[in-house]
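Working notes for the structure below.
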């Protein structure tokens, strides 16, 4: 005969008896045949399930968004954060703020991860993605209270996302990436909300010059690498972090910042007698030490004659001299190595009138190779004439502030560059650096996807109005490739969540108006009416809170950034809505007196 086993919780009845101990920390099975309770899962830690878990996740997401909501737009407020090391962070960058905040709720951590992902992918929209995701989640709360199943809500969100992406494609306009004036206007729009907005003209030029230099790498990619790539060969890859290095030097003013068409190293030459300024230098890059090779481990040498010690020293000197002679045979003027250079090698280089720099970082060595056209050599014996870099017009060592810097610039056709930032303090330089990285990311995004959409919340309002019209129509268009366009029907129960996404999209223009001190209800009503009349380029002037035509105002944003914001926000909302149980893990070693009750205690409670 099979045993019947039932699941018991502290508030359930079994055989007419109630468990009177109200705070049991464990779920257990009760075997009626043997009378032995069997533990199933420890719930001593905090546990939330069902509607309570969903409400908790939505509340946590809204709390994170409320922290940085005032950081959106040109009238954004700054946040001052004291980090654990005692430093001060003063910024309005959403990602920079959230990564310094210590949160405990898992949903809040997930929202912070969204901002980091947006920053890595696009460099812009880190605040918008959090505000939009929280607004979508908040709109789902009313749907959950109406007992609409989360799967139905998620299905409506999927249809809303597809329709929203289609609206962006219809509103977007192409841009000529070779038109510097138009590109400067796009980057300036992204910097209008940043700390460096007063120097936006300078920062835009710095960002655009740096991106154009680095973009040459993608144009020179080999056909073989493009053929084997998983991406389309027409899509350029612009690696700003690797090939556009920012050098921050306190002192001077921000107006002294500039782009160096070459490489700048925080290094000095190894010997004071070497040349500190060389015109049209021939540069050799090495990844090997210029000193006598030492043993891998402790090495013992036995000498039987008095002259053997002198001979050993002579052999060491001969080896080093031979290495220097081999390098100098190619007619170089400057040698840079990632390893060390012995005093003897420096002496011989000085005799040949060759300058040296040692302990160069590998990343800097790679950038120098791209800038001057040299090839990094791993063994001195493999050095050839073709490995010498001749693309630099001048090498000089300058003292800037309290440190010496070796500058290899200008270069004839650089594929890497250095951005020199000057400023009154390290805190200001760090903020300028963050804003400059965002500006370069915006320029990179436009080059990779040359499509623009109107800014100032115009595209969000256009998407919101378009979704509302689709909900009234009852169908959304879905691209099906070769099959053409297919109509997807919005079922009756999906209409509510679908419209909730449309309302959530209005949070961006509403926040812009609120941060500018305007009347959000009046402005949004007027803006919604204009978009209903197919005036999709009208948005909010973040400085005044008034409605303007973005085509005349000249505020455009990259379409790829808006697409990424939408995808990330909707995906985050879908994922958090699927969560119906939040359990905190505990260590196996329980503290004394804090463990789960024994079966005897549970029997006594019956």
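The values are calculated or read from the model by the stated rules, or taken from the named source; none is laboratory data. Computed from a prediction, not measured in an experiment: that's the story for all the values here. Glycine also receives a Cβ, built like all others from the backbone with ideal geometry; neighbour counts cover every protein chain displayed.
So if I check each of 138, 156, which one is closer than 29 Å to residue 91 by Cβ and in the same structural domain as residue 502 (by TED's automatic domain parsing)?
Checking each option against the conditions leaves just 138.
Exactly one residue out of 186, 130 is at pLDDT below 85, crowded, with 17+ Cβ neighbours inside 10 Å and part of a helix (DSSP H, G or I): that is 186.
Of all residue pairs spaced 6 or more apart or on separate chains, none has beta-carbon atoms under 7 Å together with a first member in segment 306-322 that is assigned by TED's automatic domain parsing to the domain that holds residue 351 and a second member that is at pLDDT below 80 and part of a helix (DSSP H, G or I). Among the residues examined, residue 118 qualifies as surrounded by 22 or more Cβ atoms within 10 Å (Cβ to Cβ) and in contact (Cβ under 8 Å) with a residue 40 or more places away in the chain.
With the structure loaded, tell me whether residue 562 is closer than 25 Å to residue 197 by Cα, within 31 Å of the chain's Cα centre (by Cα), part of a helix (DSSP H, G or I) and not assigned by TED's automatic domain parsing to the domain that holds residue 194 or whether it fails that test. When the stated conditions are applied, residue 562 passes them.
For segment 155-163, state whether one or more residues are buried (at least 20 other Cβ atoms within 10 Å of the Cβ) and either within 24 Å of the chain's Cα centre (by Cα) or modelled with pLDDT under 85 (or both).
Yes, segment 155-163 has at least one match.
With respect to the conditions (1) assigned by TED's automatic domain parsing to the domain that holds residue 499; (2) modelled with pLDDT of 85 or more; (3) buried (at least 17 other Cβ atoms within 10 Å of the Cβ); (4) more than 18 Å from residue 456 (Cα to Cα), residue 151 lacks only one, and its number is (3). Of the residues making up segment 170-183, those that are touching a helix residue (DSSP H, G or I) at 6+ places or on another chain (Cβ under 8 Å) and assigned to a helix (DSSP H, G or I) are 171, 180, 183.
Residues considered: 371, 322, 345. Of these, the only one that is at pLDDT 90 or above and either on the phi > 0 side of the Ramachandran plot or within 35 Å of the chain's Cα centre (by Cα) (or both) is 371.
When you scan segment 399-457 for strands (runs of 3 or more DSSP E) that lie fully inside it, which ones turn up with 3 or more residues that are buried (at least 23 other Cβ atoms within 10 Å of the Cβ) and at pLDDT below 85? Of the strands (runs of 3 or more DSSP E) lying wholly inside segment 399-457, none has at least 3 residues that are buried (at least 23 other Cβ atoms within 10 Å of the Cβ) and at pLDDT below 85.
Scoring residue 353 on the criteria (1) more than 20 Å from residue 256 (Cβ to Cβ); (2) within 23 Å of the chain's Cα centre (by Cα); (3) exposed (fewer than 15 other Cβ atoms within 10 Å of the Cβ) leaves a single failure, condition (2).
Within the option set 542, 517, being in the same structural domain as residue 71 (by TED's automatic domain parsing), assigned to a loop (DSSP other than H, G, I, E, B) and on the phi > 0 side of the Ramachandran plot holds for one residue only, 517.
Is segment 316-333 home to any residue that is more than 18 Å from residue 384 (Cα to Cα) and in a loop (DSSP other than H, G, I, E, B)? No; the residues of segment 316-333 include none that is more than 18 Å from residue 384 (Cα to Cα) and in a loop (DSSP other than H, G, I, E, B).
Provide a single number: the residues in segment 334-350 that are touching a helix residue (DSSP H, G or I) at 6+ places or on another chain (Cβ under 9 Å) and assigned to a strand (DSSP E or B). Of the residues in that region, 4 qualify. Screening residue 278 against (1) part of a loop (DSSP other than H, G, I, E, B); (2) out of contact with any helix residue (DSSP H, G or I) (no Cβ under 6 Å at 6 or more places or on another chain); (3) touching a residue at least 40 places away in the same chain (Cβ under 8 Å) leaves a single unmet condition, (1). If you go through segment 351-375 and keep only what is in contact with a helix residue (DSSP H, G or I) (Cβ under 6 Å, 6 or more places away or on another chain) and without any contact (Cβ under 8 Å) to a residue 60 or more places away in the chain, you end up with just 352. Taken as a whole, the condition of being surrounded by 22 or more Cβ atoms within 10 Å (Cβ to Cβ) and at pLDDT 90 or above applies to residue 460.
In this structure, does residue 528 turn out to be farther than 19 Å from residue 58 by Cα, part of a helix (DSSP H, G or I) and either in contact with a strand residue (DSSP E or B) (Cβ under 6 Å, 6 or more places away or on another chain) or at pLDDT 85 or above (or both)? In short, yes.
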